[in-house]
Amino acid sequence: MATDQRRFRFVQWDVFSSKPFEGNSLAVFPDATGLTDAEMQTLAREMNLSETTFVFPRDAATERGRGVRVRIFTVQEELPFAGHPALGTAFALRGASNAPEVALDLKAGKIPVRFEENAGAPAFGEMSQNDPQFGPAHDREAVVRAAGLRDGDIDPSLPIQTVSTGLPFTVVPLRGLTVMERLQVDPKGSAEYLQRSDGRFFYFVCRETVDPAARLHARMIFYNGEDPATGSAAGCTAAWMVANGVIQPEERVLIEQGVEMKRPSRIFVRAARDRDRVVNVRVGGNAVEVLRGEVFF
């Protein structure tokens with residue numbers, strides 16, 4: 001092995017689960033100092049997960065004020081914000097310190113993650129996301145055609161709407177688990193429609209659930225396949241649920257995701273209301289470390 005090779009440590013976490021090999025996997029590079037944008041994109045492709053994060057340590061005073069600088073990459077692009085990478089990176093940075101909070105400095109802004117410790121239970125982290133921005137409602141027939149759905153798949157009692165808490169998702173309510181189980185999304189039609197509208201990805205939800213304790217069942221299918229857990233979309237959906245009376249303000253509820261791909265994820269969400277505005281979106285869950293390694297090149 002050449003002695004002049006550069007070496008970068010990484011850890012891998014399963015996020016939105018307290019059990020290994022469930023939830024959504026995340027690779028975290030705890031010190032990415034010296035990596036270029038192109039190298040981070042290459043490493044994200046090499047990890048081949050939904051997202052990979054790169055931490056750029058700074059002096060303690062800066063991190064106390066602004067948070068720990070973190071950049072998020074999919075296999076194809078950099079994202080300003082994503083939920084499971086934010087939560088998983090906060091768990092990785094916290095380590096065994098038992099710190100009550102870890103603040104991240106993302107391209108979308110400062111995201112605090114607060115931790116809860118209860119006897120006999122794994123640590124629970126909850127991130128605060130940006131206040132939601134609501135886009136217009138979408139035409140049901142247009143979404144059916146774009147996504148490759150069947151007539152009657154969409155739940156007519158709830159709106160299809162784009163919401164952003166840092167990354168815009170178009171929340172699409174479907175009729176039930178039968179529709180969810182046979183869901184086959186047209187990636188080309190979806191991408192073309194979303195490019196013309198104000199959403200980045202479709203997030204499909206239904207009120208029928210596998211776990212009776214869950215409030216919504218969800219799936220998110222994008223250019224890298226299916227996502228086992230999408231914390232950014234779950235935050236948008238929390239705001240959407242409060243706005244449409246699916247849940248009450250400050251009610252913490254469970255969204256289940258990843259069931260069809262045998263990576264069950266448990267995403268806990270809540271949001272508040274300030275008069276006619278939905279505010280204070282929070283998304284939480286557990287995470288467990290499953291792998292450590294080193295990349296050299």
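The values are calculated or read from the model by the stated rules, or taken from the named source; none is laboratory data. Computed from a prediction, not measured in an experiment: that's the story for all the values here. Please note: Cβ atoms are built from the backbone with ideal geometry, for glycine as well, and neighbour counts cover all protein chains shown. Only protein heavy atoms, including side chains, enter the accessible area calculation; ligands, DNA and RNA are left aside. Shrake-Rupley method; radii C 1.70, N 1.55, O 1.52, S 1.80 Å.
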Rounded to the nearest 10 degrees, what's the angle between the helix 83-94 long axis and the longest principal axis of the chain, both from Cα atoms, 0 to 90? 30
Could you give me the ³J(HN,Hα) list for segment 262-271, computed from phi with Karplus coefficients 6.51, -1.76, 1.60 and θ = phi - 60°, whole Hz, x at Gly and Pro? 6, 10, x, 10, 10, 10, 9, 10, 6, 7
Note the listed values (i) 117; (ii) 140; (iii) 148, then indicate which one is volume of the Cα convex hull per residue in Å³ calculated from this particular structure. (ii)
To the nearest 10 degrees, the tilt of helix 187-196 (Cα long axis) against the first principal axis of the alpha carbons of the chain is 90
Highest GNM mean-square fluctuation among Asp227, Asp274, Asp155, for the chain with Cα springs under 10 Å, belongs to Asp274
Compute a Gaussian network model of the chain, connecting alpha carbons closer than 10 Å, and tell me which residue from Asp186, Asp198, Asp151 fluctuates the most. Asp151
Counting only DSSP loop positions in segment 176-282, the trypsin sites (Lys or Arg not before Pro) whose Cβ has at most 11 other Cβ atoms within 10 Å are Arg182, Lys262, Arg275
Fully extended contour minus Cα-Cα distance, from Val279 to Glu77, at 0.36 nm per residue: 69.9 nm
In degrees, nearest 10, the alpha-carbon axis of helix 37-47 is tilted away from the dominant principal axis of the alpha carbons of the chain by 70
What is the ratio of the Cα radius of gyration of segment 133-248 to 2.2 N^0.38 Å, with N the residue count, to two decimals? 0.96
Okay, helix-only estimate at 222 nm for the chain: each DSSP H run of n ≥ 4 adds -39500 (n - 2.57), divide by all residues, round to 500 deg cm²/dmol; what do you get? -6500 deg cm²/dmol
Taking 30 Å as R0, compute the FRET efficiency from the Cβ-Cβ separation of Asp59 and Asp198 and round it to 0.05. 0.20
Please list the non-local residues whose amide H lies under 5 Å from the amide H of Val246, H modeled 1.01 Å from N, same-chain partners needing a gap of 5 or more. none
If amide H atoms are modeled at 1.01 Å from N in the peptide plane, then the residues at a separation of 5 or more from Val279, or on another chain, having amide H under 5 Å from its own are Ala272, Arg273, Asp274
What fraction of the DSSP beta bridges in the chain is antiparallel, stated in percent and rounded to the nearest 5? 80
Ordered by residue, what ³J(HN,Hα) values in Hz, to whole numbers, does segment 208-219 give under the Karplus form 6.51 cos²θ - 1.76 cosθ + 1.60, where θ = phi - 60° and Gly and Pro are x? 7, 10, 6, 8, x, 7, 7, 9, 9, 10, 9, 9
Residue order for Asp4, Asp153 - accessible surface, 1.4 angstrom probe, largest first: Asp4, Asp153
The ³J(HN,Hα) series, computed from each phi in segment 232-246 with the Karplus coefficients 6.51, -1.76 and 1.60 at θ = phi - 60°, rounded to the nearest Hz and given as x for glycine or proline, is 5, 5, 5, x, 4, 5, 4, 4, 4, 5, 5, 4, 10, x, 6
Tell me, how many Å apart are the Cα centres for segment 191-232 and for segment 234-290? 12
Take every DSSP beta bridge with both residues inside segment 126-236 and express the antiparallel ones as a percent of the total, to the nearest 5. 75
Build a GNM of the chain with springs between Cα atoms under 10 Å: which of Phe202, Phe29, Phe21 gets the top mean-square fluctuation? Phe21
Which of the lysines could a cross-linker bridge to Lys262, judged by Cα under 23 Å and excluding same-chain residues fewer than eight apart? Lys19
Which GluC sites (Glu not before Pro) does segment 1-84 hold that lie in a coil by DSSP with at most 12 other beta carbons within 10 Å? Glu77
Taking Rh as the Kirkwood radius computed over alpha-carbon pairs of segment 74-162 and applying Stokes-Einstein at 4 °C with viscosity 1.567 mPa s, one gets a diffusion coefficient in µm² s⁻¹ of 79
Could you pull out every residue, at least 5 positions away or on a different chain, whose amide H is within less than 5 Å of the one on Asp155? Hs are placed 1.01 Å off N in the peptide plane, and Pro or chain starts have none. Leu174, Arg175
Are there trypsin sites (Lys or Arg not before Pro) in segment 1-104 that DSSP marks as loop and that have at most 11 other Cβ atoms within 10 Å, and which are they? Arg6
